[in-house]
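Reading through the structure tokens given below for one structure.
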Amino acid sequence: MTDRALSVVRAGALTTVQDLGRPGHAHLGVPRAGALDGPAAALVNRLVGNPPEAAVLETTLNGCSLRPRSAVTVAVGGAPCPVRVDGRPVAWGGPVRVPAGALLNVGTARHGVRSYVGVSGGIAVEPVLGSRSTDLLSGLGPAPLTDGAVLPLGSPTHLHARVDVAPQPAPPTELVLRVMLGPRDDWFTPEAVRAFTSRTYRVSLASNRIGLRTEGPALDRARRGELPSEGMVLGAVQVPPDGRPVVFLADHPTTGGYPVIAVVRTEDLSAAAQAVPGTPVRFLGVRRH
């Protein structure tokens, strides 16, 4: 058995393997998956000398604990959290050398939701449709981490970055999502469309990798009929029967039968990945280019 591997000592609430995802397979009913906070995942890869497509670990709220079988360089980014090696505090947001057999503990997020763990060589689980990402909706890719699991690692290709700590954006205290209205905004009353782009919502506890659910004003429909199922895109804001908008994230279904009132700009979705339940949400209407 290779010594290029990580043993999972504590899996945490939900830790998954993620990379750039598997876009381009929606016609097969396969979601894109991939890291919810793409910039954070890209940064930890750069910090440990990995290429952009290398797989990382995405933790949820309470981190994880890992033990490498050989010395590795790691970097933790995304949601700020304490990081320790054999109980000793080390840098968050910078490259850290972890000796073989040492215990790396990624702690509970102080702010935000998801932390990212980059490891030199990348997580080398078997790819499915060109990606190593866990997809919670379809079940493709590796299962979420469990205690005692062993993750193979690739071979390092570059030296780690020569920085102590890299700057990263703070998790949002207010989530402002720029949206382009449509394609089904005409299914809602004019008053509902105005409320959607002027009232404040809050992130719901029911949010997950599939969608960011909201609490707030219900949006009244102008049309009461059934909408035939149609294709869904990343960032689509679907409105189910309760009238509360749901923002589709990386593991979203590829089709849906509820009307989409708007679509969020892709560059705003990384902040949505870090918005804790209760965070205020505003949808800001913008013009199409």
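Please enumerate the residues belonging to the stretch 32-49 that are part of a helix (DSSP H, G or I) and surrounded by fewer than 24 Cβ atoms within 10 Å (Cβ to Cβ). Once the filter is applied, which keeps residues that are part of a helix (DSSP H, G or I) and surrounded by fewer than 24 Cβ atoms within 10 Å (Cβ to Cβ), the stretch 32-49 yields Gly38, Pro39, Ala42, Leu43, Arg46. The C-beta contact set for the stretch 129-149 (first residue at positive phi, second residue of a type in the set (S, T, N, Q), distance under 9 angstrom, 6+ apart or interchain) comprises Gly141/Thr16; Gly141/Gln18; Gly141/Ser131; Gly141/Ser133; Gly141/Thr134; Gly148/Ser7.
Within the stretch 196-215, the set of residues being buried (at least 19 other Cβ atoms within 10 Å of the Cβ) and over 21 Å from the mean Cα position of the chain (by Cα) comprises Phe196 only.
Restricted to the stretch 131-174, and to residues that are of a type in the set (D, E, K, R) and over 16 Å from the mean Cα position of the chain (by Cα), which residue is nearest to Ala275 (Cα to Cα)?
The qualifying residue nearest to Ala275 (Cα to Cα) is Glu174.
Considering Ala149, Ala192, the condition of being among the hydrophobic types (A, V, I, L, M, F, W, C) and either open to solvent by 20 Å² or more (accessible area, probe 1.4 Å) or modelled with pLDDT under 95 (or both) is satisfied by Ala149 alone. Annotation note: Cβ proximity below 6 Å between a residue of the stretch 190-205 that is in contact (Cβ under 8 Å) with a residue 12 or more places away in the chain and a residue that is in a helix (DSSP H, G or I) (sequence gap 6+ or interchain) occurs for Val193/Asp185.
Evaluate the stretch 229-250: report whether one residue or more is open to solvent by 30 Å² or more (accessible area, probe 1.4 Å), in a strand (DSSP E or B) and more than 27 Å from Arg22 (Cα to Cα). No - not one qualifying residue is present in the stretch 229-250. Here Val8 clears all of (1) in a strand (DSSP E or B); (2) under 17 Å from Gly141 (Cβ atoms); (3) without any contact (Cβ under 8 Å) to a residue 60 or more places away in the chain except the condition numbered (3). Exactly one residue out of Ala195, Ala271 is under 24 Å from Pro80 (Cβ atoms) and either part of a helix (DSSP H, G or I) or in contact with an Asp or Glu (Cβ under 6 Å, 6 or more places away or on another chain) (or both): that is Ala271.
The values are calculated or read from the model by the stated rules, or taken from the named source; none is laboratory data. Just so it is clear, the model here is predicted, and its values are computed rather than measured. No Cβ is skipped: glycine too gets one built from the backbone with ideal geometry, and neighbour counts run over all protein chains shown. These accessible areas exclude ligands, DNA and RNA; they are computed on the full protein's heavy atoms, side chains included. Shrake-Rupley method; radii C 1.70, N 1.55, O 1.52, S 1.80 Å.
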